[in-house]
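K.L.:
First the structure, then my questions, so here it is.
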Amino acid sequence: MRSSNSEVRRARGRAAAALVAVAALGLTLTGCSDGAVSPRSARGDALDSKAAAGADAGAAAGVDCRKAKCIALTFDAGPGAKTPQLLDTLKEKKVHATFFLLGKNHVEKYPATVRRIAAEGHEVANHTWSHERLDKLKPAEIRAELNRTQEAVAALTGRKPVLMRPPQGRTNKEVTKVSKELGLSQILWSATAKDYSTNDSALITERILDQADRDGIILLHDIYDGTVPAVPGIIDALKARGFTFVTVPQLLSPAAPKPGQLYRP
C-alpha cells in the first residue's frame, strides 16, 4: 500500500509539473511574459555589460550562483499564524528565503513576524495589499495596491521592498510601468505545489521535488496547513541533491534587480 500511495503521489507531482508548463505557456501566449528575463540571463548580461561594480556580490554574501547550484525558496501571501514555525525551520536549516507579503490582514496583523523575517536575513518583498489581480486594475489602483504595502513594510523594517510578485502572476504594461516607478522588480516562479489545493505535506514535497531545477524559484504559501510541515523535507532533499538555497536577489547577483523588469526562470 505504501508503494501504491507513493506512486500515486509521484504521478500527481508529474501532473502538477505539466500544469505549470502549460500555465507558463499560457502566460507567453497572452503576452504577460513579454520581456521576461531568467536569473541566468540576468547574471550573464550584468557581466557582459561590465555594469556590475559588485560583480562578486554573490560570492561576498557567501554564495555565487554562477558556480553553485542555486535555487530560491519563496513564500507568498503571509505572514500568517504558521510563519514563526517556518522561521524556526529556516533558522535551524540555515536557509534564507524570500517572503512576498500581503498587507491587509497579514502585515498589519503580524507586525512582529514581519520584523523577525527582516531581522533574520530573509528578503522582504511585496505581494500587494489585498491580492487583487493587478492586470484588471487602473494605474492609480495598481499604485495603491503596491504602495500601501511598500509603506507598511518600510514602517516596520526601515526598508521598502525592491521585489514584488503580482497575484496569480498576472501582469501587463501598466503593472510594469507602476512597478518601475515604485522601484519594484516583478518575480515569477518555476516550481509550485499548488498548496492552496491540498493539505497533504507529502504530496506538496513531491510536487516541488519533481519540478526543482538549477536557478529555479519555488513558490509556496506559509498560510496553508500542509505547507510549513513540508518545508523541512523539501530543504533536506534538495540539499542532498546539491542545491544551495538563496534569496531572489542572490539568485540574480551580480545583477541587481531592475525596477519594472519581469524575472522568470
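K.L.:
Which is at pLDDT 95 or above, assigned to a strand (DSSP E or B) and over 27 Å from residue 138 (Cβ atoms), of 217, 223?
P.N.:
217
K.L.:
Another question, then. If a residue must be closer than 16 Å to residue 75 by Cβ and charged (D, E, K, R), how many such residues does the stretch 110-142 contain?
P.N.:
3
K.L.:
Can you tell me how many residues within the stretch 232-246 are outside any loop (DSSP other than H, G, I, E, B) and surrounded by 16 or more Cβ atoms within 10 Å (Cβ to Cβ)?
P.N.:
8
K.L.:
While we're on this one: Which residues, counting only those in the stretch 146-173, are touching a Phe, Trp or Tyr at 6+ places or on another chain (Cβ under 6 Å) and open to solvent by less than 20 Å² (accessible area, probe 1.4 Å)?
P.N.:
Passing the criteria: 149, 165.
K.L.:
When you look at residue 86, is it modelled with pLDDT of 95 or more, part of a helix (DSSP H, G or I) and either in contact with a Pro (Cβ under 6 Å, 6 or more places away or on another chain) or open to solvent by less than 20 Å² (accessible area, probe 1.4 Å) (or both), yes or no?
P.N.:
The answer is yes for residue 86.
K.L.:
Something else about it: When the residues of the stretch 113-122 are filtered to those that are aliphatic (A, V, I, L, M) and open to solvent by less than 20 Å² (accessible area, probe 1.4 Å), which remaining residue is nearest to the chain's Cα centre (by Cα)?
P.N.:
If we take residues in the stretch 113-122 being aliphatic (A, V, I, L, M) and open to solvent by less than 20 Å² (accessible area, probe 1.4 Å), then 117 is nearest to the chain's Cα centre (by Cα).
K.L.:
Pick from 125, 77: which is touching a strand residue (DSSP E or B) at 6+ places or on another chain (Cβ under 9 Å), surrounded by fewer than 23 Cβ atoms within 10 Å (Cβ to Cβ) and in contact (Cβ under 8 Å) with a residue 40 or more places away in the chain?
P.N.:
77
K.L.:
Suppose we filter the stretch 128-145 for residues that are open to solvent by less than 40 Å² (accessible area, probe 1.4 Å) and within 17 Å of the chain's Cα centre (by Cα); how many remain?
P.N.:
Within the stretch 128-145, residues that are open to solvent by less than 40 Å² (accessible area, probe 1.4 Å) and within 17 Å of the chain's Cα centre (by Cα) number 2.
The values are calculated or read from the model by the stated rules, or taken from the named source; none is laboratory data. Keep in mind it's a predicted model, so treat the numbers as computed, not measured. Methodologically, a virtual Cβ is constructed for each residue, glycine included, from the backbone with ideal geometry; neighbour enumeration extends over all protein chains shown. In case anyone asks, the SASA skips ligands and DNA or RNA and just uses the protein heavy atoms, side chains included. Shrake-Rupley method; radii C 1.70, N 1.55, O 1.52, S 1.80 Å.
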